[in-house]
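Derivation of every value follows stated rules applied to the coordinates shown; laboratory data play no part. Here the structure is a predicted model, which is why all the values come from computation and not from measurement. Here the Cβ positions follow ideal geometry from the backbone for every residue, glycine too, while neighbour counts run over all protein chains shown.
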Amino acid sequence: MKKATSIIALLTLITVSAATPSFAFAQSSGVQKALENAKETIDNLVSAKDSKQPDELSLRIQTLKQAIELSIEEAKDARTKLEGLDKDTLSDNEAVWREAKLKDVESALNYFETQKSDVEDNSKNISTTEAKNIAENFKTWRDENYLPPLNEVRDYFFVDQQEKTIETAKSRAQKIDEDIKRLERAKVKNIASARKLLKNANILIADSDAINGKAHALFFTTFIDIGTSTATSSASADTKKETKLENKTSGDKDATSTISGAEPRPKSIRDLVKDSSLKIRDAYKVFIDMSSLVRRLLK
């Protein structure tokens with residue numbers, strides 16, 4: 001029985017440290033936070049009504065500076081992630097995409113930095129109306145020129161991080177399998193129930209892998225291998241329409257939702273990664289159930 005007790009340590013580790021994965025894990029918390037803050041700040045600034053308060057202009061300019069700085073922060077984060085990709089592991093088309101996105105992000109950074117300098121240099125001469133116009137123009141440029149490539153970068157790393165998460169889950173399942181074999185050799189009573197749970201976990205992990213594989217294929221068909229066929233071009237156009245739609249909405253709503261009574265939209269890359277992450281979450285729940293089960297069996 002002493003040999004078999006190693007599974008307790010393993011499953012205890014899973015119970016304590018393997019917190020249920022969530023969709024949010026799939027991207028840098030820095031870029032996610034900056035994106036949310038920048039969007040909220042810009043939207044509030046553009047939609048704010050004139051209050052005729054003495055400090056209104058200074059508050060508007062301060063908020064505008066903050067929105068620009070947040071945009072700079074998120075763009076730098078995206079650039080860092082792109083630069084961190086190992087070019088030796090990328091396909092030729094993938095490497096071309098990476099360079100194109102780096103140029104897009106650099107272009108955005110140049111624009112943001114210029115806007116920041118202009119606002120700082122002319123802050124004493126900007127009127128309330130001008131401050132609002134600058135904010136509206138900034139938002140329009142950001143939405144049209146920056147968010148589309150940023151969303152591509154985000155989706156790429158959603159898929160990439162989920163692949164790593166799946167591999168981690170597979171590795172843990174394999175270690176658990178090895179320990180269950182030890183318990184089977186030790187003829188622990190009712191250990192077959194643990195084997196059954198592991199089988200269920202492996203099915204969930206395989207399902208997660210398949211779903212994320214679809215997200216990977218959709219991303220590459222849409223953004224990496226564009227132009228290889230008419231069907232690819234059509235898929236690219238459709239997905240880019242979905243991306244624009246997600247910019248106007250939350251982007252993370254249930255994939256079966258409808259808009260203005262229309263037919264359910266096809267699942268996006270982000271929808272698929274979310275579905276995949278939920279499968280992994282369920283697999284980890286099974287791991288936790290196994291921990292409780294093995295503890296009872298070894299009493």
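Structural remarks
- Listed pairs K101/K279; K103/K279; K170/K214 exceeding 24 Å between Cα atoms: K101/K279; K103/K279
- Using a cut-off of 21 Å between Cα atoms, the listed pairs K81/K132; K199/K299; K76/K139; K87/K274; K196/K274 include K81/K132; K199/K299; K87/K274; K196/K274 as exceeding that distance.
- Computed packing ranks the peptides 118-125, 177-184, 66-73 as 66-73, 177-184, 118-125, most packed first, by mean other Cβ atoms within 10 Å.
- Segment 77-108-segment 186-205 distance, computed between alpha-carbon centres (Å): 43
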